[in-house]
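To start, the structure under review is shown below, and the notes come after it.
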Amino acid sequence: QVQLVESGGGLVQAGDSLRLSCTASGHPFSSRVMGWFRQAPGKEREFIVSITRAGDIAPGAKSVQGRFTISSEKDKNTVYLQMDSLRPEDTAVYYCASGPVFGTTQGLYDYWGQGTQVTVSS
């Protein structure tokens, strides 16, 4: 059974940093593409960034480029999202996802975590 478990969300102030973690179990971590998405209230789920098997990074939302960084530790089956210079508009539920091929659309990812809430106050 494949499981993705996110952690690290919380309530922070504008300008602060957070690091989200996503630990995968039940599938070969190194054979999957891992991505981060987020969904703000009343908005569609948005692709943030992904990391491929080879460690190549595919950026998504321009609003987070230069502030959010993805990384992974394959021996821990864990992918991270380092979020710096957080803004109130970054408030959302953040999801980790796993897929067999690279892509920016939700439908290409077949396993999802439960989501972790990030709230940024002004």
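Is it the case that some residue within segment 54-61 is loosely packed, with under 13 Cβ neighbours inside 10 Å and under 22 Å from Thr119 (Cβ atoms)? No - not one qualifying residue is present in segment 54-61. Report yes if some residue within segment 67-89 is of a type in the set (D, E, K, R), under 22 Å from Lys43 (Cα atoms), open to solvent by less than 20 Å² (accessible area, probe 1.4 Å) and part of a helix (DSSP H, G or I); otherwise report no. Scanning segment 67-89, I find no residue that is of a type in the set (D, E, K, R), under 22 Å from Lys43 (Cα atoms), open to solvent by less than 20 Å² (accessible area, probe 1.4 Å) and part of a helix (DSSP H, G or I), so the answer is no.
Select from segment 2-58 the residues that are of a type in the set (S, T, N, Q) and more than 16 Å from Tyr109 (Cα to Cα) and write down the one among them that is farthest from the chain's Cα centre (by Cα). In this case the residue turns out to be Gln13.
Pairing each residue of segment 9-31 that is within 11 Å of Thr119 (Cα to Cα) with any residue that is in a loop (DSSP other than H, G, I, E, B) and among the charged types (D, E, K, R), provided the two are 6+ apart or on different chains, yields C-beta distances under 7 Å for Ala14/Arg87.
Sub-7 Å Cβ pairs linking a first residue in segment 103-122 that is open to solvent by less than 40 Å² (accessible area, probe 1.4 Å) to a second residue that is assigned to a strand (DSSP E or B) and among the acidic types (Asp, Glu), at least 6 apart or interchain, are Gly113/Glu6; Gly115/Glu6; Thr116/Glu6, ordered by first then second residue. Within segment 32-45, the residues that satisfy the criterion of being open to solvent by less than 50 Å² (accessible area, probe 1.4 Å) and either assigned to a loop (DSSP other than H, G, I, E, B) or over 15 Å from Tyr94 (Cα atoms) (or both) are Arg32, Val33, Ala40. When segment 1-15 is limited to residues that are of a type outside the set (Gly, Ala, Ser) and closer than 15 Å to Ala92 by Cα, the one that is surrounded by the most Cβ atoms within 10 Å (Cβ to Cβ) turns out to be Glu6. Reported count of residues in segment 7-31, each being in a strand (DSSP E or B) and at pLDDT 95 or above, is 10. Within segment 90-108, being more than 11 Å from the chain's Cα centre (by Cα), under 14 Å from Phe47 (Cα atoms) and either among the charged types (D, E, K, R) or modelled with pLDDT of 95 or more (or both) holds for Asp90, Ala92. If Pro59 passes every condition in (1) closer than 21 Å to Asp16 by Cβ; (2) in contact with a strand residue (DSSP E or B) (Cβ under 8 Å, 6 or more places away or on another chain) but one, which one does it miss? With (1) closer than 21 Å to Asp16 by Cβ; (2) in contact with a strand residue (DSSP E or B) (Cβ under 8 Å, 6 or more places away or on another chain) applied to Pro59, the lone miss is (1).
State all residues of segment 90-107 that are of a type in the set (A, V, I, L, M, F, W, C), over 16 Å from Pro59 (Cβ atoms) and not in a strand (DSSP E or B); if no residue qualifies, say none. It would help to see each step written out before you state the result.
As a first pass, look at segment 90-107 and keep what is of a type in the set (A, V, I, L, M, F, W, C): 92-93, 96-97, 101-102.
The next check asks that each one be over 16 Å from Pro59 (Cβ atoms); those that pass are 92-93, 96, 101.
If the condition is that a residue be of a type in the set (A, V, I, L, M, F, W, C), over 16 Å from Pro59 (Cβ atoms) and not in a strand (DSSP E or B), then Val101 is the only one that fits.
The values are calculated or read from the model by the stated rules, or taken from the named source; none is laboratory data. Computed from a predicted model, the values in this text were never measured in an experiment. Methodologically, a virtual Cβ is constructed for each residue, glycine included, from the backbone with ideal geometry; neighbour enumeration extends over all protein chains shown. Please note that ligands, DNA and RNA were not included when accessible areas were found on the heavy atoms of the full protein model with its side chains. Shrake-Rupley method; radii C 1.70, N 1.55, O 1.52, S 1.80 Å.
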